[in-house]
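Engineer: Please read through the structure below; I'll follow up with questions.
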Amino acid sequence: MTDAATVQAAFARTLVDEWARAGVEVAAVAPGSRSTPLALALAADPRIRLEVFLDERSAAFFALGAARASGRPAVVLCTSGTAAANFHPAVLEAWHGRVPLLVCTADRPPELRDTGAGQATDQIKLFGGSVRWFCEVGVADKAPGATVYWRSVAARSVADATGSPAGPVHLNLAFREPLIPPPGDAAPWAPEGRDGGRPWVTTTAGPALPAAADLDRLAASVASTPRGLLVAGWGAGAGREVVERFAAAAGWPILADPLSGVRSGPQAVSTYDALLRVPAVADGLRPDLVIHIGAPLTGKVATGWLDTDLPRVLVDPDGAWLDPHRGASERVVADPTALLADLTARLDSPAAGSEEWLDSWRRAEATARQAIDGWLDADDSPSEARVARDLVGGLPDGSSLVVGSSMPVRDVEAFARPRRGLRLHSNRGVNGIDGFVSTVLGVAAACGPGAGPCASLCGDLTFLHDAGGLLEAARRDIDAVMVVVDNRGGGIFSFLPQSALAEHFETLWGTPHHLDLAALCAVHGIPAARVDRASGLVPAVTEAVAAGGVRVVIVTTDRDANVAHHRRAHQEVAAALATAGW
């Protein structure tokens, strides 16, 4: 008779085998006893890269970063109890950010639940509605049909994690002691899967386009509207070349957040945040039709400008309502790449008058770009706006850049020039600063050997919030350069109304730290360099990339000076536009 512990081991190996067949390549594990069968199975499979983290939150965000960068599900595993609760921030980000994540929580068997047994809590639907699928898998046994059930569960977990929409799947896995097969028992076996290494179940996606009549109607609207805009936020899901071809065929400008991956080409406008702060420009460049792919733009100015009075077509492959101002007049559930390619094919030529419209945007962009760059380059003292612009522009083609969700992502949107050859990532699903260091490491791990460099940009509090992610980072065979803006606190709050509350601002929002970030890095064996001149950033990053491993570049700035610097940049743009006749 097969030993029960051997059956559990076989169950675990079956899950792992099925995941690997479906393309899973990365797993992050937090140590614990109850999760032993699955941890051993992951460690034994050479197809899956395994990383171990002491902190469950770091493990979850590492897996999130790997899944975000690769588009393939990553596994995160922990033992039972509070360990599972520490996954929740990453689960929320995966849900809202549409990142495929296989969340595996080991659990006590049913007979030990609600009995006062150690390290046991109610893990059934622990993450509520924030998962695409929850499965209480049950204790593995050798009942008839069990092996088919195991493979089916694994196949469904991947299918549901990858969408539509993509997101986290929660498998609650009960294991009984003993957790390891007895000495002398046969090596844990795994039931055979499909021939040729195929997954047990493959899933085929549905139609990528709406009906032909709807496409004809939308194409006719584009063709008859010279004053149109293509807007792209994070998760736009469209190919750069397709976006550029559509914009050229329509004669429309592109307002693309860098996180969209499509801020490129001759019709991309990179200075819209500054432009739309000037009333004459905001009124004069008001469009008659907007096609919006992906999430809202990052900044409030542009998002507020796209108000309910504008006809706006929101395109999303999963039918998500990414419209916080509730201003969209139409929703189209379609793959953005396929939709834009189809519309482009239906457009004979841009509408009459679009040339003047596009030229107005180009002139405004050129004026604002020159004013911004001139202001940033006038002083070699480090500024957060210039750090964002220069880092985006200075990384080599093929690089990945992970951007923090506080001021850095706003500075990248407001000041970075259009460019190709750079992949940007950010945890913008719920916009938290949780797990940033671990996310960067996960992105870098997914990039793998032969890929371009992986860099990141964050503030000091974001960096410190995930200081636990630095544990063992220097020994993980990962190359990542982390640029940290050290302004001694929460810089974003200095731009908010709370900054006027002088009595409590520093205590409640500024939250200055008194830590030497380079010394913190040294504790973890991570080299750190300091940059004291703006022109020194790109050379320092280039040197760190060439050296390899995990390295940190620290740029010291002043919070109050940063607010003044941003405001002066906007003033420079306004003055230049006034001189140009706006």
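Engineer: State whether the residues of region 58-69 include one that is more than 21 Å from residue 400 (Cα to Cα) and either in a helix (DSSP H, G or I) or in contact with a strand residue (DSSP E or B) (Cβ under 7 Å, 6 or more places away or on another chain) (or both).
Structural biologist: No - not one qualifying residue is present in region 58-69.
Engineer: Sticking with this structure for a sec: Quick one: would you say residue 505 is surrounded by 19 or more Cβ atoms within 10 Å (Cβ to Cβ) and in contact with a Phe, Trp or Tyr (Cβ under 8 Å, 6 or more places away or on another chain)?
Structural biologist: no
Engineer: Let me ask something else about it. From the list 559, 530, 551, 568, exactly one residue is closer than 30 Å to residue 361 by Cα and charged (D, E, K, R). Which is it?
Structural biologist: Working: 559 fails: closer than 30 Å to residue 361 by Cα; 530 fails: closer than 30 Å to residue 361 by Cα; 551 fails: closer than 30 Å to residue 361 by Cα.
Going through 559, 530, 551, 568 in turn, the sole match is 568.
Engineer: Collect the residues in region 400-426 that are of a type in the set (Ser, Thr, Tyr) and either assigned by TED's automatic domain parsing to the domain that holds residue 97 or more than 17 Å from residue 67 (Cα to Cα) (or both), keeping them in residue-number order.
Structural biologist: Correct list: 405, 406.
Engineer: Taking the residues in region 124-176 that are in contact with an Asp or Glu (Cβ under 7 Å, 6 or more places away or on another chain) and within 16 Å of residue 78 (Cα to Cα) as candidates, determine which candidate is surrounded by the fewest Cβ atoms within 10 Å (Cβ to Cβ).
Structural biologist: 124
Engineer: Part of a helix (DSSP H, G or I), small (Gly, Ala, Ser) and under 22 Å from residue 352 (Cα atoms), is that true of residue 274?
Structural biologist: no
Engineer: Can you report the number of residues in region 291-321 which are in contact with a strand residue (DSSP E or B) (Cβ under 8 Å, 6 or more places away or on another chain), crowded, with 21+ Cβ neighbours inside 10 Å and part of a loop (DSSP other than H, G, I, E, B)?
Structural biologist: 4
Engineer: Tell me, please, whether a residue that is out of contact with any helix residue (DSSP H, G or I) (no Cβ under 9 Å at 6 or more places or on another chain), farther than 23 Å from residue 439 by Cβ and either assigned by TED's automatic domain parsing to the domain that holds residue 65 or not acidic (Asp, Glu) (or both) can be found in region 483-496.
Structural biologist: The answer is no; no qualifying residue exists.
Engineer: If you go through region 83-123 one residue at a time, how many are modelled with pLDDT of 95 or more and either not in a strand (DSSP E or B) or not assigned by TED's automatic domain parsing to the domain that holds residue 135 (or both)?
Structural biologist: Number of matching residues: 18.
Engineer: Is there a residue being more than 35 Å from the chain's Cα centre (by Cα), in a loop (DSSP other than H, G, I, E, B) and touching a residue at least 60 places away in the same chain (Cβ under 8 Å) anywhere in region 141-157? Please lay out each step first, then the result.
Structural biologist: Our first condition is that a residue be more than 35 Å from the chain's Cα centre (by Cα); within region 141-157, this holds for 141-147.
Now restrict to residues that are in a loop (DSSP other than H, G, I, E, B): 141-145.
Subset that is touching a residue at least 60 places away in the same chain (Cβ under 8 Å): 141-142.
Yes.
Engineer: Filter region 461-475 down to the residues that are in contact with a strand residue (DSSP E or B) (Cβ under 7 Å, 6 or more places away or on another chain) and surrounded by 18 or more Cβ atoms within 10 Å (Cβ to Cβ), then identify the one that is farthest from residue 424 (Cα to Cα).
Structural biologist: Here the answer is 473.
Engineer: Select from region 338-374 the residues that are under 24 Å from the mean Cα position of the chain (by Cα) and either surrounded by fewer than 20 Cβ atoms within 10 Å (Cβ to Cβ) or assigned to a loop (DSSP other than H, G, I, E, B) (or both) and list them in ascending order.
Structural biologist: In the first step, residues of region 338-374 are kept if they are under 24 Å from the mean Cα position of the chain (by Cα); the result is 338-340.
Scanning region 338-374 gives a single hit, 338.
Engineer: Right, another one. Among the residues of region 475-500, how many are small (Gly, Ala, Ser), outside any loop (DSSP other than H, G, I, E, B) and under 23 Å from the mean Cα position of the chain (by Cα)?
Structural biologist: Selection size over region 475-500: 2.
Engineer: Now for a separate question. Please work out if residue 243 is over 27 Å from residue 577 (Cα atoms), in contact with a strand residue (DSSP E or B) (Cβ under 8 Å, 6 or more places away or on another chain), buried (at least 21 other Cβ atoms within 10 Å of the Cβ) and not assigned by TED's automatic domain parsing to the domain that holds residue 428.
Structural biologist: Numbers: over 27 Å from residue 577 (Cα atoms): yes; in contact with a strand residue (DSSP E or B) (Cβ under 8 Å, 6 or more places away or on another chain): yes; buried (at least 21 other Cβ atoms within 10 Å of the Cβ): yes; not assigned by TED's automatic domain parsing to the domain that holds residue 428: yes.
Answer is yes for this residue.
Engineer: If you scan region 524-556, which residues turn out to be surrounded by 14 or more Cβ atoms within 10 Å (Cβ to Cβ), touching a residue at least 60 places away in the same chain (Cβ under 8 Å) and part of a loop (DSSP other than H, G, I, E, B)?
Structural biologist: Within region 524-556, just 549 meets the criteria.
The values are calculated or read from the model by the stated rules, or taken from the named source; none is laboratory data. Please read these numbers as outputs of a predicted model, since none were measured by experiment. Glycine also receives a Cβ, built like all others from the backbone with ideal geometry; neighbour counts cover every protein chain displayed.
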